[in-house]
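Undergrad: Mind looking over this structure? Questions follow.
The values are calculated or read from the model by the stated rules, or taken from the named source; none is laboratory data. Nothing here was measured: the structure is a model prediction, and the numbers come from that model. Cβ placement follows ideal geometry from the backbone for every residue including glycine, while neighbour counts extend to all protein chains displayed. Calculation scope for accessible area: heavy atoms of the full protein, side chains included, ligands and nucleic acids excluded. Shrake-Rupley method; radii C 1.70, N 1.55, O 1.52, S 1.80 Å.
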Amino acid sequence: MTKNSIMNLFNVYQLYDVTPVKAKDAYVTDDKGVEYLDLYGGHGVVSIGHSHPHYLSKLKKQLDAIGFYSNAVINPLQIELADKLGSISGYPDYSLFLCNSGAEANENALKLASFYTNKKRVITFENSFHGRTSVAVSVTDNPTINAPINSTNPTTFLPLNNIDLVVEELVKGDVCAVIIEGIQGVGGLDEGTTSLFQDLEKICKQFNVILIVDEVQSGYGRSGKFFAHQYHDIKPDIISVAKGMGNGFPIGGVLISPKFKATYGMLGTTFGGNHLACAAGIAVLEVIEKENLMQNVEKVSKYFIKEAQKITQIKNIKGRGLMLGLEFDFEVAELRKKLINQKHIFTGGANNKKLLRILPPLNVKKEHIAMFFKVLKEILNEFVIPA
Ligand SMILES: Cc1ncc(COP(=O)(O)O)c(C=O)c1O
């Protein structure tokens, strides 16, 4: 076989030199046997901890029974998942459309808004991230990941927390949706104020515009409530979910208010809502409920914030629950490298280069956080701030 016959990976990811081969709870082990404390959960995906026994047993049993069939047949697991999700999230009257990722959830949410209003323009916010598919990326504030083909959807970016500017756009009468993250993730943990969320709910109703809250990262208990927008006492028309929903199994969903009437063929997917994905989704909700993970998030979050406040180099603590950001007055790329390479702790970055992003499994323990801060202090004491 010649060398030319080997297919390369399309090289779009800048990789850390770590090769995980197994994982358990809040730890990931690499091919050399080194254990890493996972305070990032693979971009906030690992919600109930790696290799949770209930999750494993449910998935294995499901695989032995039936792994997949398409949406042309009855799948009672979808009904069970919707029922559990409606009840735990406080949205039992909404309906659920199942898909495979966060971008797809937003794509379908925006499509529904456009079907409903028969309009196309979307209002979104500066520093937002909603995914990489066509419409989702067009409402994402990052020109470098928008190709020319994505520029066909009319979109207006506004600064967060200026309701007057939103009203100015809605009066023009061509807007189908306002989309906002529960808490901005990739951007760097900024969030709308309670008055912004409440005013958005009010004016969207007034102008017959659909309010979509993207809870892909901030949902599923990560903020300490099931959805981050529940801190603001509002009910959006559509809520998109993914990440923590399957603890690593690809699954996404759109929660849809009863005001939308479904018609056959309006939305669709081959893989979305398959048997294995539903088994993963059900297992996650069962564990969140049975192990009171939202209470754990609140408890560990308080401890985290208390410990972070003791470190003078930390200039700002952002976010809620276990969706947290530590802001320094220097760029954190080197610090993250030291954390992973020398101290074996995974953390995340953001568009805000001075922010260290923390998204651990929701059952992380205070001991893990204590270990993180001990190590962080050691590094900061010997750290030469990058020029
Ligand atoms: C808020 C938000 N929405 C959407 C997405 C896109 O999700 P996915 O990568 O599953 O398509 C992300 C991913 O980081 C996200 O943080």
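Undergrad: Looking at the stretch 129-145, can you tell me whether even one residue there is farther than 24 Å from residue 230 by Cβ, more than 14 Å from the ligand (Cβ to nearest atom) and open to solvent by 20 Å² or more (accessible area, probe 1.4 Å)?
TA: yes
Undergrad: Go through the stretch 105-126 and report how many residues are within 11 Å of the ligand (Cβ to nearest atom) and not charged (D, E, K, R).
TA: Filtering the stretch 105-126 for residues within 11 Å of the ligand (Cβ to nearest atom) gives 105-107, 109.
Among the residues that remain, those that are also not charged (D, E, K, R) are: 105-106, 109.
Within the stretch 105-126, residues that are within 11 Å of the ligand (Cβ to nearest atom) and not charged (D, E, K, R) number 3.
Undergrad: Is at least one residue of the stretch 306-313 surrounded by fewer than 18 Cβ atoms within 10 Å (Cβ to Cβ), among the polar types (S, T, N, Q) and in contact with a Phe, Trp or Tyr (Cβ under 7 Å, 6 or more places away or on another chain)? Please lay out each step first, then the result.
TA: Initial filter on the stretch 306-313 (surrounded by fewer than 18 Cβ atoms within 10 Å (Cβ to Cβ)): 306, 309-313.
Narrowing the set further to residues that are among the polar types (S, T, N, Q) leaves 309, 312-313.
Now narrow it down to the ones that are in contact with a Phe, Trp or Tyr (Cβ under 7 Å, 6 or more places away or on another chain): 313.
Yes: the stretch 306-313 contains one or more residues that are surrounded by fewer than 18 Cβ atoms within 10 Å (Cβ to Cβ), among the polar types (S, T, N, Q) and in contact with a Phe, Trp or Tyr (Cβ under 7 Å, 6 or more places away or on another chain).
Undergrad: Same structure, new question: One residue is enough: does the stretch 175-184 have a residue meeting the conditions over 22 Å from the mean Cα position of the chain (by Cα) and either hydrophobic (A, V, I, L, M, F, W, C) or within 16 Å of the ligand (Cβ to nearest atom) (or both)?
TA: Step one: of the stretch 175-184, the residues over 22 Å from the mean Cα position of the chain (by Cα) are 175-176.
When the remaining residues are screened for being either hydrophobic (A, V, I, L, M, F, W, C) or within 16 Å of the ligand (Cβ to nearest atom) (or both), the result is 175-176.
The answer is yes; a qualifying residue exists.
Undergrad: In addition: For the stretch 201-219, name all the residues that are buried (at least 24 other Cβ atoms within 10 Å of the Cβ) and more than 12 Å from the ligand (Cβ to nearest atom).
TA: Restricting attention to the stretch 201-219, the residues satisfying the condition of being buried (at least 24 other Cβ atoms within 10 Å of the Cβ) are 209-219.
Across the stretch 201-219, the qualifying residues are 209, 210, 211.
Undergrad: Would the stretch 237-249 turn up any residue that is within 17 Å of residue 79 (Cβ to Cβ), of a type outside the set (Ser, Thr, Tyr), away from the ligand (no atom under 16 Å from the Cβ) and assigned to a loop (DSSP other than H, G, I, E, B)?
TA: No: the stretch 237-249 contains no residue that is within 17 Å of residue 79 (Cβ to Cβ), of a type outside the set (Ser, Thr, Tyr), away from the ligand (no atom under 16 Å from the Cβ) and assigned to a loop (DSSP other than H, G, I, E, B).
Undergrad: Any residue in the stretch 349-360 that is outside any strand (DSSP E or B), among the hydrophobic types (A, V, I, L, M, F, W, C) and either surrounded by 22 or more Cβ atoms within 10 Å (Cβ to Cβ) or on the phi > 0 side of the Ramachandran plot (or both)? Break it down stepwise before answering.
TA: Here is the first cut: in the stretch 349-360, the ones outside any strand (DSSP E or B) are 349-354, 359-360.
Add one more test, that the residue is among the hydrophobic types (A, V, I, L, M, F, W, C), and what stays is 350, 359.
Going one step further and asking which of them are either surrounded by 22 or more Cβ atoms within 10 Å (Cβ to Cβ) or on the phi > 0 side of the Ramachandran plot (or both), we end up with 350, 359.
For the stretch 349-360, residues outside any strand (DSSP E or B), among the hydrophobic types (A, V, I, L, M, F, W, C) and either surrounded by 22 or more Cβ atoms within 10 Å (Cβ to Cβ) or on the phi > 0 side of the Ramachandran plot (or both): present.
Undergrad: On to the next question. Output yes when any residue across the stretch 74-88 is part of a helix (DSSP H, G or I), surrounded by fewer than 16 Cβ atoms within 10 Å (Cβ to Cβ) and touching a residue at least 40 places away in the same chain (Cβ under 8 Å), and no when none is.
TA: We begin by selecting, within the stretch 74-88, every residue part of a helix (DSSP H, G or I); these are 76-88.
Keeping just the survivors that are surrounded by fewer than 16 Cβ atoms within 10 Å (Cβ to Cβ) gives 76, 79-80, 83, 87.
From the residues that got through so far, the ones that are touching a residue at least 40 places away in the same chain (Cβ under 8 Å) too are 80.
Yes, because at least one residue in the stretch 74-88 is part of a helix (DSSP H, G or I), surrounded by fewer than 16 Cβ atoms within 10 Å (Cβ to Cβ) and touching a residue at least 40 places away in the same chain (Cβ under 8 Å).
Undergrad: Across the stretch 257-279, what is the number of residues that are surrounded by 22 or more Cβ atoms within 10 Å (Cβ to Cβ) and more than 14 Å from residue 104 (Cβ to Cβ)?
TA: Result for the stretch 257-279: 2.
Undergrad: Let me ask something else. Criterion first (farther than 25 Å from residue 285 by Cβ and of a type in the set (A, V, I, L, M)) does residue 189 satisfy it?
TA: Working: farther than 25 Å from residue 285 by Cβ: yes; of a type in the set (A, V, I, L, M): yes.
Against the criterion (farther than 25 Å from residue 285 by Cβ and of a type in the set (A, V, I, L, M)), residue 189 qualifies.
Undergrad: Here is a further query. Could you please find all residues in the stretch 146-159 being within 21 Å of the chain's Cα centre (by Cα) and over 19 Å from residue 190 (Cβ atoms)?
TA: 146
Undergrad: What number goes with the only condition from (1) within 15 Å of the ligand (Cβ to nearest atom); (2) farther than 26 Å from residue 40 by Cβ; (3) touching a His at 6+ places or on another chain (Cβ under 9 Å) that residue 198 does not pass?
TA: Tallying (1) within 15 Å of the ligand (Cβ to nearest atom); (2) farther than 26 Å from residue 40 by Cβ; (3) touching a His at 6+ places or on another chain (Cβ under 9 Å), residue 198 fails exactly one: (1).
Undergrad: Suppose we keep only residues that are more than 19 Å from the chain's Cα centre (by Cα), hydroxyl-bearing (Ser, Thr, Tyr) and farther than 18 Å from residue 340 by Cα within the stretch 30-81. Which one would you say is nearest to the ligand (Cβ to nearest atom)?
TA: 55
Undergrad: Then there is this: Failed condition for residue 100, given (1) touching a helix residue (DSSP H, G or I) at 6+ places or on another chain (Cβ under 8 Å); (2) more than 19 Å from residue 287 (Cα to Cα); (3) more than 16 Å from the ligand (Cβ to nearest atom), with all others met?
TA: The single condition residue 100 does not satisfy is (3).
Undergrad: Now for a separate question. Determine which single condition residue 29 fails, assuming it passes every other condition in (1) free of Cβ contacts under 8 Å to residues at least 12 places away in the same chain; (2) open to solvent by less than 50 Å² (accessible area, probe 1.4 Å); (3) within 23 Å of residue 325 (Cβ to Cβ).
TA: For residue 29, the failing item is (3).
Undergrad: Same structure again: Among 150, 161, which is the only one that is surrounded by 13 or more Cβ atoms within 10 Å (Cβ to Cβ), in contact (Cβ under 8 Å) with a residue 12 or more places away in the chain and not in a helix (DSSP H, G or I)? Step through it out loud before you land on a result.
TA: Details: 150 fails: not in a helix (DSSP H, G or I).
The unique qualifying residue is 161.
Undergrad: What are the pairs with Cβ atoms under 8 angstrom where one residue, in the stretch 257-268, is at negative phi and the other, located anywhere, is small (Gly, Ala, Ser)? Sequence gap at least six, or different chains.
TA: Pairs that qualify, where the first residue is at negative phi and the partner is small (Gly, Ala, Ser), are 258/95; 260/95; 262/95.
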